[in-house]
Amino acid sequence: MTVTLEELAREVQELRAQVARINDIEAVKRTKYKYWRSFDTADLQGMSEVLHPDVVLSVVAGIYSMRLEGRAAYVEMVKQGAHADMISHHNGHHGEIDIVGPDEAIGTWYLYDDLFEYRRGMRLYGTAFYRDRYARLDGNWVIRHSHFHRLYEIAEELPDRSKITFHYLGDHGYRHEGDAPLLPFPKDYNYRHPEGEMPKFKGYERD
């Protein structure tokens with residue numbers, strides 16, 4: 001079979017586009033991986049680097065539901081949340097990444113989270129889906145919108161603190177003053193994800 005120079009040039013161009021798309025997908029994945037690592041290690045600088053200045057977080061869950069707008073508010077939430085009296089565990093996987101524009105991507109992630117909240121007297125764990133919109137900013141992929149959709153959530157009693165044999169956040173997390181219980185997680189019982197902010201989440205119809 002004879003291939004013309006025009007056909008070969010077209011195939012090379014298509015191949016370059018496919019490689020660029022794969023590279024973008026991998027870069028988006030690394031952004032989200034860094035997000036979870038930064039959260040569980042209270043790395044506020046790392047967290048700041050993966051968030052858009054106008055990032056929006058929308059959470060609908062069991063004990064907590066909330067909305068945050070702006071990178072400063074988001075990083076402050078991580079600082080207050082990943083504190084020295086908490087064990088924070090977020091495992092995100094099964095990333096489904098769609099590049100929907102030259103500088104825009106949509107990602108769906110499956111999360112398992114497990115929090116040992118000694119200042120609120122509970123262990124809280126469950127699974128959820130993250131639905132994120134990513135934007136390319138100054139050559140890097142960052143999180144622009146993030147919607148949190150719960151699948152299940154369980155609150156139960158904590159194990160005795162003496163059983164902890166190593167605790168990274170105990171040394172590196174923000175230390176709240178005193179030892180009194182912290183306020184409950186923020187919860188707006190009427191809050192729902194705003195329509196139109198993210199593409200419809202097919203297969204998850206609650207919101």
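Where a number appears in this text, it was derived from the coordinates with a stated rule and is not lab data. Being a predicted model, the structure only gives us computed values, none of them experimental. Here the Cβ is made from the backbone with ideal geometry for all residues, glycine too, and neighbour counts use every protein chain on show.
Would you kindly state how much longer the chain becomes between Q45 and T4 on full extension, computed as 0.36 nm times their sequence separation minus their alpha carbon distance, in nm to one decimal?
Values: separation 41, 0.36 × 41 = 14.76 nm, distance 5.20 nm.
Gain in length upon complete extension: 9.6 nm.
Would you compute, from DSSP H runs of 4+ residues alone, the mean residue ellipticity of the chain at 222 nm, taking -39500 (n - 2.57) per run and dividing by the full residue count, rounded to the nearest 500? Numbers along the way, then the final one.
Numbers: 4 runs with 58 residues, N = 207.
The helix-only estimate for the chain comes to -9000 deg cm²/dmol at 222 nm.
Quick check for me: using +1 on Lys/Arg Cβ and -1 on Asp/Glu Cβ, what's the dipole size of segment 5-172 about its Cα centre, in debye to the nearest 20? Present the calculation step by step, with values, prior to reporting the outcome.
Values: 21 positive and 27 negative charges, 73 e Å.
Here segment 5-172 has a charge dipole of around 340 debye.
Under a straight-distance cross-link criterion of Cα-Cα below 22 Å, which lysines are reachable from K79, leaving out those fewer than 8 residues away in the same chain?
K79 reaches K32, K34, K187.
Give the order of M66, M86 when sorted by the count of other beta carbons within 10 angstrom, beginning with the fewest. Write out the running numbers ahead of the final one.
Numbers: M66 16, M86 23.
The most exposed by this proxy come first: M66, M86.
Give me the distance in nm between label points sitting 7 Å out from Cα along the Cα-to-Cβ direction at R175 and V19, one decimal.
Here the answer is 5.2 nm between the modelled labels.
Across all directions of projection, what mean area in square nanometres is found for the Cα convex hull of the chain? Before the final figure, lay out each step's value.
Working: hull surface 61.6 nm².
Directional mean of the projected Cα hull area for the chain stands at 15.4 nm².
How far is it, in nm, from the label point at V100 to the one at E69 when both lie 7 Å from their Cα along the line to the Cβ?
It is 2.0 nm.
What is the angle, in °, between the Cα long axis of helix 71-81 and the longest principal axis of the Cα atoms in the chain? Nearest 10 is fine, range 0 to 90.
Taking the Cα atoms of the chain, the angle to 71-81 is about 40 degrees.
Lys and Arg at +1, Asp and Glu at -1: add these up for the other residues within a Cβ distance under 10 Å of D132 and post the number.
+4
Which three semi-axes in whole Å describe the equivalent ellipsoid of segment 1-113, each the square root of 5 times a Cα gyration tensor eigenvalue, listed largest first? Don't skip to the answer; put the middle values down first.
Details: eigenvalues 297, 38, 33 Å².
Its equivalent ellipsoid spans semi-axes of 39, 14, 13 Å.
Between R37 and M77, what is the FRET efficiency for a Förster distance of 22 Å, r being their Cβ-Cβ separation, to the nearest 0.05? Walk me through the intermediate numbers first.
On the way: r = 17 Å, r/R0 = 0.76.
Efficiency, from the Cβ-Cβ distance: 0.85.
Using a basic spin-label model with each label point 7 Å from the Cα along Cα→Cβ, how many nm lie between I164 and R30?
It is 3.3 nm.
Sorted by mean Cβ packing within 10 Å, highest first, what order do the peptides 164-171, 139-146, 20-27 take? Walk me through the numbers on the way to the answer.
Numbers: 164-171: 12.2, 139-146: 19.0, 20-27: 14.0.
The packing order, highest mean first, is 139-146, 20-27, 164-171.
Pick out which of Y112, Y152, Y74 has the largest mean-square fluctuation in a Gaussian network model of the chain, springs linking Cα atoms closer than 10 Å.
Result: Y152 has the largest fluctuation of those listed.
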